[in-house]
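First the structure, in the form of structure tokens, and then the observations on it.
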Amino acid sequence: NNVQQMIITCVKIEINCKHQFLTIFINWRKFSSENVQNLCCVNFNHNPNSELSSKDLTFRGHGDSVDQLCWHPKNPDQLVTASGDKTVRIWDARTNKAVATVNTKGENINICWSPDGTTIAVGNKEDLITFIDVRSHRSKAEEQFKFEINEISWNNDGDLFFLTSGQGNIHIMSYPELKMQHVLHGHPANCICIEFDPMGKYFATGSADALCSLWDVGELVCVRTFARLEWPVRTLSFSHDGKMLASASEDLVIDISDVKSLSYNEGFFGHSVSDYARVLVRIITLKTK
């Protein structure tokens, strides 16, 4: 059947206690030459009062792979996707429909919202970062880099813009001036992902060296490292209160640690994405009671 003719790639796993749900982003790739037509967003909701409770949401419209998804920082019903079809799409989660489509110059692989929700930054395979005004849906700035850019993020105040690089560094630019301020030598291998603590105290980076590093935002120094995974760290997420940090890779385990004590809270092994999701929901439910 069609399911057996597809490869499923888990792109990002996000714990979102603020919005009371866990989201898994799945990239469907067909073996045939047909373009990928949809992003499947699997939603395991433990909030019975939410309109989105116990629903699997599918957003169709992209003409190629969807490599990253990001929820609006203030509006729980809005999300944005970056696709290889050279577009960015803003979606309404209540209707599963795109409210805006923005054409870009290249195949997009990473995306993020500014903390105030007024700007979207998207990066493509040519290491070009485009800043999109959410109200006009137009590009308002571009920055071309001469090195590999992996993931991008604003700090919580929105005055600094962070990039992880293939050189293992974290590049920090002023915003909106986009002037380079600092380059942190974070890892000896490719620095893949970055995530900010909702409390604004820490940010974390994950690397091809299988390490997850915790950084002090104010001092810009690494204060701790997590070394329990064996494969490159692909994705990170803090809990809503910043007390827990989840990291994941190709390992059949998602590592969840207590940020302050560095204790190993809970990990789990499984054979499917749904196994991961169910256990993560249980963990979040217990931790937020």
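May I ask you to verify whether residue 221 is β-branched (Val, Ile, Thr), farther than 19 Å from residue 69 by Cα, out of contact with any Lys or Arg (no Cβ under 9 Å at 6 or more places or on another chain) and at pLDDT 90 or above? Against the criterion (β-branched (Val, Ile, Thr), farther than 19 Å from residue 69 by Cα, out of contact with any Lys or Arg (no Cβ under 9 Å at 6 or more places or on another chain) and at pLDDT 90 or above), residue 221 qualifies. Taking first residues from region 47-70 that are aromatic (Phe, Trp, Tyr) and partners that are at pLDDT 80 or above, the Cβ contacts under 6 Å between residues at least 6 apart in sequence or on separate chains come to 59/91; 59/96. Yes or no: region 45-55 includes at least one residue that is in a strand (DSSP E or B), at pLDDT below 55, within 21 Å of residue 109 (Cα to Cα) and within 19 Å of the chain's Cα centre (by Cα). Among the residues of region 45-55, not one is in a strand (DSSP E or B), at pLDDT below 55, within 21 Å of residue 109 (Cα to Cα) and within 19 Å of the chain's Cα centre (by Cα), which makes the answer no. Considered as a group, the residues in region 224-236 that are within 18 Å of the chain's Cα centre (by Cα) and of a type in the set (Val, Ile, Thr) include one that is modelled with the lowest pLDDT, and that residue is 235.
Okay, residues lined up against (1) open to solvent by 10 Å² or more (accessible area, probe 1.4 Å); (2) at negative phi; (3) part of a strand (DSSP E or B); (4) in contact (Cβ under 8 Å) with a residue 12 or more places away in the chain:
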| position | (1), (2), (3), (4) |
| --- | --- |
| 115 | yes, yes, no, yes |
| 126 | yes, yes, no, yes |
| 139 | yes, yes, yes, yes |
| 158 | yes, no, no, yes |
| 164 | no, yes, yes, yes |
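For region 199-217, the set of residues classified as out of contact with any Cys (no Cβ under 9 Å at 6 or more places or on another chain) and under 20 Å from residue 115 (Cα atoms) consists of 199, 200, 201, 202, 203, 217, listed by residue number. Within region 143-155, work out how many residues are in contact (Cβ under 8 Å) with a residue 24 or more places away in the chain and open to solvent by 60 Å² or more (accessible area, probe 1.4 Å). The total comes to 1. Quick check on my filter: what residues within region 214-227 are more than 23 Å from residue 158 (Cβ to Cβ) and open to solvent by less than 40 Å² (accessible area, probe 1.4 Å)? Across region 214-227, the qualifying residue is only 226. Test residue 93 against the criterion of being open to solvent by less than 40 Å² (accessible area, probe 1.4 Å) and modelled with pLDDT under 90, and give yes or no. So residue 93 fits the description; yes.
Looking only at residues in region 100-113 that are assigned to a loop (DSSP other than H, G, I, E, B) and either of a type in the set (D, E, K, R) or touching a Ser or Thr at 6+ places or on another chain (Cβ under 7 Å) (or both), the one that is surrounded by the fewest Cβ atoms within 10 Å (Cβ to Cβ) is 105.
The values are calculated or read from the model by the stated rules, or taken from the named source; none is laboratory data. Remember, it's a predicted structure, so these values are computed and weren't measured experimentally. Please note: Cβ atoms are built from the backbone with ideal geometry, for glycine as well, and neighbour counts cover all protein chains shown. All accessible areas refer to the heavy atoms of the entire protein, side chains included, with ligands and DNA or RNA removed. Shrake-Rupley method; radii C 1.70, N 1.55, O 1.52, S 1.80 Å.
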